[in-house]
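The values are calculated or read from the model by the stated rules, or taken from the named source; none is laboratory data. Because the structure is a prediction, the values reported are computed rather than measured. Reconstructed Cβ throughout: ideal geometry from the backbone, glycine too, with neighbour counts over all protein chains shown.
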Amino acid sequence: MNTTHDRYPSRTGAKAELLPRRDPVIYSQPDAAVCSIPLTPEQIRDYEQNGFLVLHELFSAAEVACFAQELDRLRSDLVLKDSGEVINEPGSGEVRSVFRIHAISPVFELMARDKRLADIARGLLGDEVYVHQSRLNYKPGFRGKEFYWHSDFETWHVEDGMPNMRALSMSITLTENTACNGPLMVMPGSHKLYAACTGATPADHFKESLRKQEYGVPNDEQLTEIAERFGIVNATCKPGSVIIFDCNLMHGSNSNITSNPRSNAFFVYNALSNRVAAPFCNQLPRPEYIATRQSIQPLIPRAVSMAEYCAADAKS
Ligand code: 6CS
Ligand code: FE
């Protein structure tokens, strides 16, 4: 249990509340050489105001083809299935998420530090960054289940001991995300409020929450208020696009009853200065494959070519 001052208390037994964000969204100083942000001023302003930004078709069709092949390989890897690092869908038992992809896959290891992504993360967070969590989300056709509304930061703070809001996620779309196949839904601007939740964290909560989250989700009154204030937007985009979103943005996604899977690779970049400490709940830290704690390594951004992605894919 973390006994330092808790700036973002949640699941502490106190009542559900909407609290103000106490951290900046963009950390770079405008002229800091290490952290210049490879985005336009309009994109940076949008990200600050809305808490998310879509970079449409950043990756080429050839790159997406390599990623898709690696996605299929990991899904059917039997050794991986037995490793306990794969989460199945509630009900159908199909693969829902594969974790730690930056460590187990040559293709996704390259992707995590691809300059096109890592330089943006370093720039927005104004620091060296490391991967706090990475995963493939499959959202299979017909039977892919929803992710209920949540702020990622709430979980990372309470269960992983992430001190401050100085992290962001990038979701790289590997299939088209349409309005119908369970795309990411966000409440733009909601990252500036913190929804403190009721309840207490059960032991081994991750075993349930990664399939269906029930603790650390806002109550109906909180969600109604946030939705009325900010509205809801579907982050639809073509394959090879990147959805960048702040760690505290309220988001979720519906189930997928279409025949088209909605698959994406997902990296959480955390500022090195914001590395995790002891959890802010009375439970053991989550396993390393869900939340990096032991192997914290600053990422070295690298310009990756399409040919390198294809070569890494052929090797794996
Ligand atoms: O547990 C996590 O790290 C992430 N997964 C879920 C379902 N909710 C919180 C956070 O986004
Ligand atoms: Fe999330």
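One residue is enough: does region 251-265 have a residue meeting the conditions within 16 Å of ligand 2 (Cβ to nearest atom), closer than 25 Å to His191 by Cβ, hydrophobic (A, V, I, L, M, F, W, C) and touching a strand residue (DSSP E or B) at 6+ places or on another chain (Cβ under 9 Å)?
Yes, region 251-265 contains at least one residue that is within 16 Å of ligand 2 (Cβ to nearest atom), closer than 25 Å to His191 by Cβ, hydrophobic (A, V, I, L, M, F, W, C) and touching a strand residue (DSSP E or B) at 6+ places or on another chain (Cβ under 9 Å).
On the basis of being surrounded by 20 or more Cβ atoms within 10 Å (Cβ to Cβ), within 16 Å of ligand 2 (Cβ to nearest atom) and closer than 28 Å to Ala61 by Cα, does Leu174 make the cut? Walk me through it before giving the result.
Values: surrounded by 20 or more Cβ atoms within 10 Å (Cβ to Cβ): yes; within 16 Å of ligand 2 (Cβ to nearest atom): no; closer than 28 Å to Ala61 by Cα: yes.
For Leu174, the condition - surrounded by 20 or more Cβ atoms within 10 Å (Cβ to Cβ), within 16 Å of ligand 2 (Cβ to nearest atom) and closer than 28 Å to Ala61 by Cα - is not met.
Starting from residues that are at pLDDT below 95 and more than 13 Å from the chain's Cα centre (by Cα), keep the ones in region 128-143 and report whichever is surrounded by the most Cβ atoms within 10 Å (Cβ to Cβ).
Lys139
Would you confirm, using the coordinates I've provided, whether Ala291 is of a type in the set (A, V, I, L, M, F, W, C) and either over 14 Å from Pro183 (Cα atoms) or free of Cβ contacts under 8 Å to residues at least 12 places away in the same chain (or both)? Please lay out each step first, then the result.
Values: of a type in the set (A, V, I, L, M, F, W, C): yes; either over 14 Å from Pro183 (Cα atoms) or free of Cβ contacts under 8 Å to residues at least 12 places away in the same chain (or both): yes.
In short, yes.
Do we find a residue being in a helix (DSSP H, G or I) and within 21 Å of the chain's Cα centre (by Cα) anywhere in region 49-56?
Yes, region 49-56 has at least one match.
Please work out which residue is farthest from Glu208 (Cα to Cα), limiting yourself to region 98-127 and to residues that are crowded, with 20+ Cβ neighbours inside 10 Å and small (Gly, Ala, Ser).
Restricting to residues being crowded, with 20+ Cβ neighbours inside 10 Å and small (Gly, Ala, Ser), the top hit is Gly123.
For Val131, only one of the following conditions fails: (1) assigned to a strand (DSSP E or B); (2) away from ligand 2 (no atom under 16 Å from the Cβ). What is its number?
(2)
Sort out which residues of region 177-191 are within 13 Å of ligand 2 (Cβ to nearest atom) and part of a strand (DSSP E or B), and write them in order of number.
Correct list: Leu184, Met185, Val186.
Looking at region 159-171, I want the residues that are farther than 16 Å from Gly216 by Cα and of a type in the set (Ser, Thr, Tyr) and have a partner that is within 12 Å of ligand 2 (Cβ to nearest atom) and part of a loop (DSSP other than H, G, I, E, B) with Cβ atoms under 7 Å, at least 6 apart or on another chain. Which pairs are those?
Filtered contacts from region 159-171: Ser169/Cys247.
Would you check if Arg45 is basic (Lys, Arg), surrounded by fewer than 16 Cβ atoms within 10 Å (Cβ to Cβ) and farther than 23 Å from Tyr130 by Cα?
yes
Just to check your reading of the model, which residue among Trp156, Trp149 is aromatic (Phe, Trp, Tyr) and either at pLDDT below 95 or under 25 Å from Ile257 (Cβ atoms) (or both)?
Trp149
Taking Gly216 as the residue in question, decide whether it is crowded, with 21+ Cβ neighbours inside 10 Å, at pLDDT below 95 and either touching a Phe, Trp or Tyr at 6+ places or on another chain (Cβ under 7 Å) or more than 26 Å from Leu39 (Cβ to Cβ) (or both).
Criteria met by Gly216.
Please go through region 145-164 and pick out each residue that is among the aliphatic types (A, V, I, L, M) and either near ligand 1 (Cβ under 8 Å from one of its atoms) or part of a helix (DSSP H, G or I) (or both).
Val158, the sole residue that qualifies.
Of these, Ala179, Ala227, Ala195, which one is within 14 Å of ligand 1 (Cβ to nearest atom), at pLDDT 95 or above and hydrophobic (A, V, I, L, M, F, W, C)?
On the way: Ala179 fails: within 14 Å of ligand 1 (Cβ to nearest atom); Ala227 fails: within 14 Å of ligand 1 (Cβ to nearest atom).
From the options Ala179, Ala227, Ala195, the qualifying one is Ala195.
In region 137-153, what residues are more than 10 Å from ligand 2 (Cβ to nearest atom) and under 25 Å from Ala203 (Cα atoms)?
Residues satisfying the conditions are Lys145, Glu146.
Quick check on region 122-137: of everything there that is within 14 Å of ligand 1 (Cβ to nearest atom) and not aliphatic (A, V, I, L, M), which residue is farthest from Ala271 (Cα to Cα)?
Asn137
Scanning for something in a loop (DSSP other than H, G, I, E, B), modelled with pLDDT of 95 or more, more than 14 Å from ligand 1 (Cβ to nearest atom) and under 25 Å from Ile26 (Cα atoms), does region 281-295 turn up at least one residue?
no
Spot the failing condition for Lys212; the list is (1) over 19 Å from Gly13 (Cα atoms); (2) not acidic (Asp, Glu); (3) not in a loop (DSSP other than H, G, I, E, B), and only one is missed.
Of the numbered conditions (1) over 19 Å from Gly13 (Cα atoms); (2) not acidic (Asp, Glu); (3) not in a loop (DSSP other than H, G, I, E, B), the odd one out for Lys212 is (3).
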